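Trainee: Pasting a structure here, questions to come.
The values are calculated or read from the model by the stated rules, or taken from the named source; none is laboratory data. Note that this is a predicted model, so its numbers are computed, not measured. Cβ atoms come from the backbone with ideal geometry, glycine included; neighbour counts cover every protein chain shown.
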Amino acid sequence: MTVTRFAPSPTGYIHVGNLRTALMNFMIARKAGGTFILRIDDTDPERSKPEYVDAIKQDLEWLGLTWDRVETQSSRLDRYAAAADDLRAKGRFYEAFETPTELDLKRKKQLNMGKPPVYDRAALALSDAEKDALRAERSGHWRFKLDQSRIEWTDGVLGDISIDAASVSDPVLIRGDGQVLYTLASVVDDTDMGVTHVVRGSDHVTNTATQIQMIQAIDGTVPSFAHHSLLTGPAGESLSKRLGTLALRDLRENGVEPMALLSLMARLGSSQPVEVRSTMEELIEGFDINQFGSAPTKFDVDDLGPLTARALSGMALDAVADDVAAAGVPGDQAEAFWQLTRDNIGTRADLAGWWQILQNGATPLVDAEDADFVSEALAALPDLPFTATTWSDWTGQMKATTGRKGKSLFMPLRKALTGRAKGPEMAEFMPLMQAKPKT
């Protein structure tokens, strides 16, 4: 069975970069009829917050990314300790004592000598007496001892990858304060939970190389890996400083539709065009991780506006019934109102504005050169209620009396009735009007 996971850290709100990873793993699992695990990476007790766990779940639920089960890494610390003991017994785990300052000095010295800044494994040469002396003055951290051979795999996005383990530092898996780090927890979890496919950002490629050896060291099965490209801004700039403003909850509060966001993220960076889909099933059906490229992928939040409008335009009343009712529209007028406005809103919040115009009348938008014409036209406007022929009858009358035609006839009258230069077909708009324009 195909098993994937999304493993966010509950140290903040998830953003579009996180979503890309979550969505790809979700679609792989769903397309194969497999299992999608939400795994909370909460091994950092200082930064992990319950409110962020709740927020992560709310954001995923808003998008329809439902999970089959939730796992928390904080509940598995005993399992990680057992795995660490196993690695020690196999000679693949060793204690080191360098401080961050000492490690930084070593790196600088290596760089100055033209060498790669790789940990020199000095800790392996320490005698038991030297280790005891160091333990008396500082806490040791634990590193995984890499087999310094080439690590190779075929990546679902990047193709064939080969990394020389001798060019990589032995990774720290347990800090001096005893905190289990992501690398160890992730490897143990992926093995125990039977994860078959791991999709994540291309900044994890080196992590993957070391994790492959770790999985093999604990007798696990190496999953299929795929590393998607990282998102950039529209001009190719780094998004790292902007991700805080691209949190999913902020996009939701700004009226972005779930299917607009999902439709964009499910195809962005692939060879397929971005097209708004109406269901998750349609997105999943056309998803293929192998169609994604390795080049940095440009993301422009402004693209979500037109996509949201397009998503709304394709919806039936049932999908927005609560929003239409919240705008104050009576049930017997809801269908006609939605058909009138669905192609003329940017977000659901715009519904209320259109209903206010229909119910209370608009403040006319009048250009100076049209003032006399509009005044004459409004004086000739028939009494309510308007019908399906009121617009054509009224404009026909004004054409005959003023000689205006085309845009010079229709646009000033539209702006006078709606207070806007764009909007629904006026022949359909006028029968729903319950008040004339304000004067």
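Trainee: Can you list the helices (runs of 4 or more DSSP H) found entirely within region 295-404 that contain at least 1 residues being touching a residue at least 40 places away in the same chain (Cβ under 8 Å) and within 18 Å of Leu432 (Cα to Cα)?
Mentor: Qualifying helices (runs of 4 or more DSSP H): 334-341, 350-360, 371-379, 390-402.
Trainee: Under 7 Å by Cβ, and 6 or more places apart or on different chains, what pairs join a residue from region 56-76 that is small (Gly, Ala, Ser) with one that is crowded, with 19+ Cβ neighbours inside 10 Å and in a loop (DSSP other than H, G, I, E, B)?
Mentor: Ser74/Asp42; Ser74/Thr43
Trainee: Is there a residue in region 185-201 that is under 30 Å from Gly114 (Cα atoms), touching a helix residue (DSSP H, G or I) at 6+ places or on another chain (Cβ under 8 Å) and not assigned by TED's automatic domain parsing to the domain that holds Ser294?
Mentor: Checked region 185-201: at least one residue is under 30 Å from Gly114 (Cα atoms), touching a helix residue (DSSP H, G or I) at 6+ places or on another chain (Cβ under 8 Å) and not assigned by TED's automatic domain parsing to the domain that holds Ser294.
Trainee: Of the residues in region 405-439, how many are without any contact (Cβ under 8 Å) to a residue 40 or more places away in the chain, part of a helix (DSSP H, G or I) and of a type outside the set (Lys, Arg)?
Mentor: Of the residues in that region, 7 qualify.
Table: residues versus (1) touching a Cys at 6+ places or on another chain (Cβ under 7 Å); (2) of a type in the set (S, T, N, Q); (3) outside any loop (DSSP other than H, G, I, E, B); (4) surrounded by fewer than 17 Cβ atoms within 10 Å (Cβ to Cβ).
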residue: Ser186; (1), (2), (3), (4): no, yes, yes, no
residue: Thr191; (1), (2), (3), (4): no, yes, yes, no
residue: Gln211; (1), (2), (3), (4): no, yes, yes, no
residue: Ala235; (1), (2), (3), (4): no, no, no, yes
residue: Leu261; (1), (2), (3), (4): no, no, yes, no
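Trainee: Taking the options Leu77, Leu19, name whichever one is touching a Leu at 6+ places or on another chain (Cβ under 9 Å), assigned to a helix (DSSP H, G or I) and either modelled with pLDDT of 95 or more or surrounded by fewer than 17 Cβ atoms within 10 Å (Cβ to Cβ) (or both).
Mentor: Selected residue: Leu19, the only one of Leu77, Leu19 that is touching a Leu at 6+ places or on another chain (Cβ under 9 Å), assigned to a helix (DSSP H, G or I) and either modelled with pLDDT of 95 or more or surrounded by fewer than 17 Cβ atoms within 10 Å (Cβ to Cβ) (or both).
Trainee: Out of the residues in region 65-90 that are small (Gly, Ala, Ser) and under 18 Å from Val172 (Cα atoms), state the one that is farthest from the chain's Cα centre (by Cα).
Mentor: Restricting to residues being small (Gly, Ala, Ser) and under 18 Å from Val172 (Cα atoms), the top hit is Ala89.
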